[in-house]
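The values are calculated or read from the model by the stated rules, or taken from the named source; none is laboratory data. Bear in mind that the values here come from a model prediction, so they are computed numbers and not experimental data. No Cβ is skipped: glycine too gets one built from the backbone with ideal geometry, and neighbour counts run over all protein chains shown.
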Amino acid sequence: MTTPTKKRRRILIGVGGGIAAYKVCSVIRHFTESGHDVRVVPTPAALEFVGKATFEALSGNPVSTTVFDDVDEVAHVRLGQGADLVIIAPATADLMARAAQGRADDLLTASLLTVRCPVLFVPAMHTEMWEHPATQANIATLREHGSTVMTPASGRLTATDSGRGRLPDPQEIALIGELLLDRADALPYDLAGVRVLISAGGTREPLDPVRYLGNHSSGKQGFALARAAAQRGASVTVVAGSTTDPGDPAGVHIVRISNAQELSEEMTKRAADADVVIMAAAVADFRPVAVADAKIKKGDQGPAPIELTTNPDILRGLVEARDDGRIPSETVIVGFAAETGDETGGVLDHGRAKLARKGCDLLVVNAVGDGKAFGTEDNTGWLLSAKGDETALPFGSKTLMSSRILDEVRQLVPDGPGA
Ligand code: CTP
């Protein structure tokens, strides 16, 4: 999970008094191992769950809960003014209520009033507490104040309960934190009520019960888009093929498929109820004509040739469905193109031709080959629009690239700023 980062930044990690406090130890470790200067400020209640010694050992810095320690250093002002990023996890209902009101009754909440950097609240609580109108009103206030409040995951809660309110995976908290360090305004809450459908990963075209034709897609770009869209308030479904540990994004509905035909069926069916459809999957262009019922034996004759047939072009099919009214005309459709230059043209030339051929609204063009794009954490490319705009997507994490893609998508959604 840890990737060494370019620049040492000052991270303030505020820990609330909830059972999920123990998971925050992994987040602290991520940022210290990435070379950042981490200061942990727990609430007094947090120390009922995890001891001060653990936070001091993991961060390599002293830990206090009160403004009355080291009074001469005016800790709350020094900590708040000096921070490049604040992460509050777990953000309990009580801690968010106090922060929303601007209370300053411990070192953490006092420090929150002095920070001017991005602040990320990562809620964790029981579903009823999360859904309570008071909690939702406090979250709305925190967002109005410019903070990012993460969507919690669904799953196992304390005791035998399960539901919405679980702390997202530490890996996901770290990814979102890194994103806000890269780009403070990456996650405006501007996709609330927008339904986003994303395909991700690779397809596997079966040959027999044990073999398939596949590709190297990791699913990381599609999952990063899902993660960023969900944190901007969208209701997100991912139809995912084969992936290599992209981590399930919090608050996202994931549907698993295996081959291109299944992907086509799911996307076509679900696109009718989506405002935005993004085809980030690496779809196999061909599949074996016949799938053997039993494992194909080596035999004495050597390998038999595999006859292939062409898979449906799902992206093109979605554009056609929009053209002939099977899906709403306002649906925004986004494609991806993984390209290498060749004797007929460069990466961008191929991208422009593909945009025209597919007929989608936006096309994200990635240069591939030489270890670029597939399976990597970082990406670069261009965003081409049907209107003729071309935007360079600077090198950065797939989550950062996703935030820039979603900025353009937002402009095209019917009530969006550029629509
Ligand atoms: N795509 C699709 N269905 C396919 C193949 C691709 O929907 N059968 C989608 C991909 O998800 C991507 C876009 O089309 O959004 C471009 O995929 P790419 O593989 O680059 O394009 P192809 O149409 O396969 O063209 P070529 O391989 O000839 O470059």
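Quick check: is even one residue across region 49-65 of a type in the set (A, V, I, L, M, F, W, C), more than 22 Å from residue 25 (Cβ to Cβ) and in contact with a helix residue (DSSP H, G or I) (Cβ under 9 Å, 6 or more places away or on another chain)? I'd like the intermediate steps shown before the answer.
Here is the first cut: in region 49-65, the ones of a type in the set (A, V, I, L, M, F, W, C) are 49-50, 53, 55, 57-58, 63.
Cutting the leftovers down to more than 22 Å from residue 25 (Cβ to Cβ) gives us none.
Within region 49-65 (the criterion being of a type in the set (A, V, I, L, M, F, W, C), more than 22 Å from residue 25 (Cβ to Cβ) and in contact with a helix residue (DSSP H, G or I) (Cβ under 9 Å, 6 or more places away or on another chain)), the answer is no, since none of the residues qualifies.
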Where the second residue is within 12 Å of the ligand (Cβ to nearest atom) and charged (D, E, K, R) and the first is under 16 Å from residue 254 (Cα atoms) and lies in region 270-282, which pairs have Cβ atoms under 9 Å and are six or more apart or on separate chains? 279/358
Taking region 166-225 and keeping only residues that are in a strand (DSSP E or B) and charged (D, E, K, R), one is left with 166, 195, 205, 208, 211
Near pairs, Cβ below 6 angstrom, 6+ apart or cross-chain, from region 379-395 (farther than 14 Å from residue 351 by Cα and at pLDDT below 90) to any residue that is part of a strand (DSSP E or B) and β-branched (Val, Ile, Thr): 395/380
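Counting just the residues of region 240-260 that are within 21 Å of residue 410 (Cβ to Cβ) and in contact with an Asp or Glu (Cβ under 9 Å, 6 or more places away or on another chain), which one comes out nearest to the ligand (Cβ to nearest atom)?
Narrowing region 240-260 to residues within 21 Å of residue 410 (Cβ to Cβ): 249-253.
Then drop every residue that is not in contact with an Asp or Glu (Cβ under 9 Å, 6 or more places away or on another chain), which leaves 249-250.
Values: 249: 19, 250: 24 Å.
The qualifying residue nearest to the ligand (Cβ to nearest atom) is 249.
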For region 180-217, what are the residues that are more than 16 Å from the ligand (Cβ to nearest atom) and either hydroxyl-bearing (Ser, Thr, Tyr) or within 16 Å of residue 247 (Cα to Cα) (or both)? 189
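Let's see how each residue does on (1) under 14 Å from residue 93 (Cα atoms); (2) of a type in the set (A, V, I, L, M, F, W, C):
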| position | (1), (2) |
| --- | --- |
| 127 | yes, no |
| 141 | yes, no |
| 151 | yes, no |
| 167 | yes, yes |
| 184 | no, yes |
| 188 | no, no |
| 211 | no, no |
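For region 100-117, give me each residue that is under 26 Å from the mean Cα position of the chain (by Cα) and either surrounded by fewer than 23 Cβ atoms within 10 Å (Cβ to Cβ) or of a type in the set (Ser, Thr, Tyr) (or both).
We begin by selecting, within region 100-117, every residue under 26 Å from the mean Cα position of the chain (by Cα); these are 100, 112, 115-117.
Of everything in region 100-117, those that are under 26 Å from the mean Cα position of the chain (by Cα) and either surrounded by fewer than 23 Cβ atoms within 10 Å (Cβ to Cβ) or of a type in the set (Ser, Thr, Tyr) (or both) turn out to be 100, 115, 116, 117.
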Would you mind telling me which numbered condition in (1) over 25 Å from residue 10 (Cα atoms); (2) part of a helix (DSSP H, G or I) residue 125 fails? (2)
Could you identify the single residue in 193, 155, 202, 165 that is out of contact with any Lys or Arg (no Cβ under 9 Å at 6 or more places or on another chain) and under 27 Å from residue 20 (Cβ atoms)? 165
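In this structure, is residue 335 without any contact (Cβ under 8 Å) to a residue 12 or more places away in the chain and either within 25 Å of the chain's Cα centre (by Cα) or on the phi > 0 side of the Ramachandran plot (or both)?
Details: without any contact (Cβ under 8 Å) to a residue 12 or more places away in the chain: no; either within 25 Å of the chain's Cα centre (by Cα) or on the phi > 0 side of the Ramachandran plot (or both): yes.
So residue 335 does not fit the description; no.
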Scan (1) out of contact with any helix residue (DSSP H, G or I) (no Cβ under 9 Å at 6 or more places or on another chain); (2) assigned by TED's automatic domain parsing to the domain that holds residue 126 for the single condition residue 219 breaks and write down its number. (2)
Starting from region 120-135, take each residue that is modelled with pLDDT of 95 or more and of a type in the set (Ser, Thr, Tyr) and list its partners that are surrounded by fewer than 19 Cβ atoms within 10 Å (Cβ to Cβ) and part of a helix (DSSP H, G or I), counting only C-beta distances under 8 angstrom and pairs at least six apart or across chains. 135/97; 135/129
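For the condition surrounded by fewer than 23 Cβ atoms within 10 Å (Cβ to Cβ), of a type in the set (Val, Ile, Thr) and over 19 Å from residue 154 (Cα atoms), what is the one hit in 203, 237, 244? So that I can check it myself, show each step before the final result.
Values: 203 fails: surrounded by fewer than 23 Cβ atoms within 10 Å (Cβ to Cβ); 237 fails: over 19 Å from residue 154 (Cα atoms).
Step by step, each of 203, 237, 244 is checked, and only 244 is surrounded by fewer than 23 Cβ atoms within 10 Å (Cβ to Cβ), of a type in the set (Val, Ile, Thr) and over 19 Å from residue 154 (Cα atoms).
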In region 261-282, how many residues are buried (at least 22 other Cβ atoms within 10 Å of the Cβ), part of a loop (DSSP other than H, G, I, E, B) and more than 13 Å from the ligand (Cβ to nearest atom)? 2
One residue is enough: does region 364-372 have a residue meeting the conditions modelled with pLDDT under 90, in contact with a Gly (Cβ under 7 Å, 6 or more places away or on another chain), of a type in the set (Asp, Glu) and within 27 Å of residue 182 (Cα to Cα)? no
Filter pass, residue 13 being touching a Ser or Thr at 6+ places or on another chain (Cβ under 9 Å) and either touching a residue at least 40 places away in the same chain (Cβ under 8 Å) or charged (D, E, K, R) (or both): yes
